[in-house]
Amino acid sequence: MSYFVELVDQRLITHLTPARRAWLRSPRTLLLGFLGLHTLFLFALLPTILTGRVLGDLPLYRVWAEQALRNGVWQGIDVEWVYPIGALVPVVLADVAGPLLYQLLWFLMTMALNATAIGILTDWGRNRGGYKAAWFWLAFSLVLSPVGLLRLEGLSAPLVIMGLVLLARRPVIAAALLTVATWIKVWPAAVFLAVVAVSRRRITVIVTGAALSAGIAVAVWAAGGLRYLTGFVTMQSDRALQLEAPVTTPWVWLAAMGQHGTTIYQNHAIATREVSGPGTTLMAALMTPAMFLVMAAISVLLLLALRRSRDNAQLVLMGALALVSTFVVLNKVGSPQYMLWIAPVVAVGVAHDWARWRVPAYLMLGIGGLTTLIFPIFYLPLVHGDAGALLLLTLRNGLLVVMLGWSVLGLWRTARAGSPASVSVRHTAASRGLAAN
């Protein structure tokens with residue numbers, strides 16, 4: 001792994017001359033990059049916007065919004081819902097100008113949150129260390145744009161970036177952002193857990209999160225939907241193994257090779273592809289308990305590392321990466337937008353210390369590119385057992401396991417050696433030169 005990292009660093013140093021690095025660290029260049037990328041996104045979405053259509057998960061979001069605003073049927077209040085109740089806010093907000101502009105308003109919300117996240121990463125242009133993180137986030141947003149622009153994760157991910165960056169100096173705001181993100185999509189709870197476990201601001205974070213969550217619960221109770229407040233937890237419990245989930249990979253290969261009794265099928269009720277075969281029912285039942293057991297073990301490892309670590313911010317980020325990666329690797333559902341659960345933590349890690357976080361940064365860009373190749377580009381060949389598409393899926397899932405292993409190993413070394421230096425890689429002259437610029 002270190003050989004490939006050094007190779008990439010050498011290439012970057014060769015191409016990024018001091019003049020080019022200075023140009024990339026310019027606020028004007030970053031602004032132009034942000035505007036250029038989102039203009040590209042807008043042009044790609046323009047045919048959809050002009051015809052009043054929506055893409056990705058937005059057709060379903062728009063139906064929910066229309067049911068709420070036109071028929072008075074609110075998801076999570078009047079009926080059980082698959083998402084936490086906070087997701088209702090952006091889902092309905094995108095429909096305030098009418099269903100024909102739903103795609104446009106969703107894009108504008110995503111763009112605004114990305115702009116704010118990049119502004120906070122760079123301290124609005126004043127923090128030179130944040131520019132690498134900002135460019136990383138823009139690059140990842142590009143490679144994963146087919147899902148990032150069309151899912152709730154496109155909104156929750158920037159909120160997590162903001163919360164992690166602001167944790168040290170604005171803990172109340174950080175806790176509020178992480179709590180709101182969790183009430184939109186549940187995955188930021190893993191980040192919240194890492195913060196609570198090791199952050200020096202844990203009391204402030206806990207009190208703020210609890211107060212905001214209590215306020216949300218009271219509002220839902222007043223609206224008459226308290227019985228559905230935690231429905232998003234139980235609605236996912238009976239799902240089978242999804243096609244792209246890392247744990248499903250062996251059965252996908254068996255189905256492709258024509259193994260008797262193993263098949264890839266369409267679950268029409270939730271519009272996704274799942275896999276059935278010998279042992280899949282048992283595996284699906286075991287994955288959630290296994291995931292929580294591993295997360296508990298990581299939490300214990302975090303507490304052990306806390307006693308010896310001198311870099312609290314690094315420990316929070318490493319713990320968050322390990323916990324969120326566990327959420328993805330040991331999940332029986334493996335949707336492509338799950339990559340947006342990991343990338344925000346990596347972005348903040350890059351801002352904190354490029355030399356330590358370059359490995360997950362390179363991994364994440366590779367994972368994002370492979371994910372887009374898998375979905376939507378080669379998704380149908382994958383469903384039909386194409387060997388090339390299966391190799392892409394296997395490689396992507398393997399890199400996710402590597403990401404989890406890297407983060408857990410870092411925590412283990414910190415807990416045993418008692419020094420932040422023990423979790424960093426040995427710096428060569430090339431990596432030091434890149435990190436310093």
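The values are calculated or read from the model by the stated rules, or taken from the named source; none is laboratory data. What you are looking at is a predicted structure, and each value in this text was computed from that prediction instead of being measured. Backbone-built Cβ (ideal geometry, glycine too); neighbour counts: all protein chains shown. Surface accessibility is based on the protein's heavy atoms, side chains included, excluding ligands, DNA and RNA. Shrake-Rupley method; radii C 1.70, N 1.55, O 1.52, S 1.80 Å.
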| request: Go through the residues of segment 73-80 one by one and say whether even a single one is in contact (Cβ under 8 Å) with a residue 60 or more places away in the chain and polar (S, T, N, Q). | output: no
| field | Hits in segment 197-219 - residues which are of a type in the set (A, V, I, L, M), without any contact (Cβ under 8 Å) to a residue 40 or more places away in the chain and either open to solvent by less than 40 Å² (accessible area, probe 1.4 Å) or not in a helix (DSSP H, G or I) (or both) | value | VAL205, ALA217
| field | GLU274, sole failed condition from (1) part of a helix (DSSP H, G or I); (2) surrounded by 13 or more Cβ atoms within 10 Å (Cβ to Cβ); (3) of a type outside the set (Lys, Arg); (4) over 20 Å from the mean Cα position of the chain (by Cα) | value | (1)
| query | Going through segment 114-171 one residue at a time, which ones are open to solvent by 10 Å² or more (accessible area, probe 1.4 Å), aromatic (Phe, Trp, Tyr) and assigned to a helix (DSSP H, G or I)? | reply | TRP135, PHE136
| field | Which listed residue is farther than 20 Å from VAL160 by Cα, open to solvent by less than 30 Å² (accessible area, probe 1.4 Å) and not β-branched (Val, Ile, Thr), from SER325, SER309 | value | SER309
| query | When you go through ARG308, ARG356 one by one, which is the residue that is among the charged types (D, E, K, R), assigned to a helix (DSSP H, G or I) and under 26 Å from LEU193 (Cβ atoms)? | reply | ARG356
| note | Checked against (1) open to solvent by 50 Å² or more (accessible area, probe 1.4 Å); (2) among the hydrophobic types (A, V, I, L, M, F, W, C); (3) within 30 Å of TYR228 (Cα to Cα), PHE107 satisfies every condition except (1)
| remark: In the set GLY125, GLY72, GLY148, GLY130, the lone residue that is closer than 28 Å to ARG53 by Cβ and in contact with a helix residue (DSSP H, G or I) (Cβ under 6 Å, 6 or more places away or on another chain) is GLY148
| request: Assess whether ARG53 counts as being of a type in the set (D, E, K, R), more than 18 Å from PHE140 (Cα to Cα) and either open to solvent by less than 60 Å² (accessible area, probe 1.4 Å) or assigned to a loop (DSSP other than H, G, I, E, B) (or both). | output: yes
| message | Here is a list: ALA290, ALA285, ALA223. Which entry is open to solvent by less than 60 Å² (accessible area, probe 1.4 Å), out of contact with any strand residue (DSSP E or B) (no Cβ under 6 Å at 6 or more places or on another chain), under 27 Å from LEU193 (Cβ atoms) and of a type in the set (A, V, I, L, M)? | response | ALA290
| field | Unique match (being touching a Ser or Thr at 6+ places or on another chain (Cβ under 7 Å) and not aliphatic (A, V, I, L, M)) among PRO158, PRO99, PRO90 | value | PRO158
| said: Going through ALA305, ALA285, ALA255 one at a time, which residue ends up being closer than 26 Å to TYR83 by Cα and either among the hydrophobic types (A, V, I, L, M, F, W, C) or modelled with pLDDT of 95 or more (or both)? | reply: ALA285
| Using beta carbons and a limit of 8 Å, which pairs, at least six apart or on different chains, have the first residue in segment 283-298 and closer than 10 Å to THR326 by Cβ and the second one among the aromatic types (Phe, Trp, Tyr) and assigned to a helix (DSSP H, G or I)? | MET291/PHE327; MET295/PHE327
| request: Go through segment 186-195 residue by residue and tally those that are outside any helix (DSSP H, G or I) and open to solvent by 20 Å² or more (accessible area, probe 1.4 Å). | output: 1
| said: Looking at GLY36, GLY72, can you tell me which residue is on the phi > 0 side of the Ramachandran plot, at pLDDT 95 or above and open to solvent by 20 Å² or more (accessible area, probe 1.4 Å)? | reply: GLY72
| remark: Taking segment 230-250 and the residues there that are in a helix (DSSP H, G or I) and open to solvent by less than 30 Å² (accessible area, probe 1.4 Å), the one that is nearest to GLY385 (Cα to Cα) would be THR249
